[in-house]
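Here the structure is laid out as structure tokens; the discussion comes afterwards.
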Amino acid sequence: IFEKIRDKEAPANIVFRDEYVTAFTVLYPDTPVHILIIPNKKIESMNEIDDEDSIYLSKILLCAADLAEKFNIADSGYRLINNCNKDSGQEIEYLHFHLVGGCKLGKMLSLPQESREFMKSLKFNNF
């Protein structure tokens, strides 16, 4: 679906676009501000990045900072999240970043019980 949004073949509320990145709001947001930022080049995940892709990553970071200002979350705080592969929760094989904010976000990770038990078995004390 991201390729179709990027190519203007699928509807989306695009909030930023240039030659390197496209950013659009999420249809069912998890936070008051929830924007996806994608490179205009198809890259499946962070594991697929190479040196020539560095321009896309820097443009994504600059876009995120600009959008945080535009959506009034820069001062209160926000997260820029990338999930890489299955265990992280990546559902679409197209590199993308979630810009989220507009409310207190809480802990960085909320591990499922299975992962919490695994961490306990490794003797990590904070689980």
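Net charge in the neighbourhood of Gln90 (other residues with Cβ under 14 Å of its Cβ; Lys, Arg +1, Asp, Glu -1) is -4.
So what's the projected area for the chain, the Cα convex hull averaged over all directions, in nm²? List each step's numbers first, then the result.
Numbers: hull surface 36.7 nm².
Seen from a random direction, the Cα hull of the chain projects 9.2 nm² on average.
Ranking Pro39, Pro11, Gln113 by how far each Cα lies toward the positive end of the dipole of the chain (charges on Cβ) leaves Gln113 at the top. Calculated mean residue ellipticity, 222 nm, the chain: -7000 deg cm²/dmol, from DSSP H runs (n ≥ 4) at -39500 (n - 2.57) each, averaged per residue and rounded to 500.
Between the Cα long axis of helix 54-70 and the first principal axis of the chain there is an angle of about 90°, rounded to the nearest 10. Per residue, the average separation of C-alpha pairs within less than 8 Å and at least 6 apart gives the chain a relative contact order of 24 percent.
Only the coordinates and a few stated rules stand behind these numbers; no lab work does. Bear in mind the structure is a predicted one, so any value in this text is a computation, not a measurement. Neighbour counts run over all protein chains shown; Cβ positions are idealised from the backbone, glycine included.
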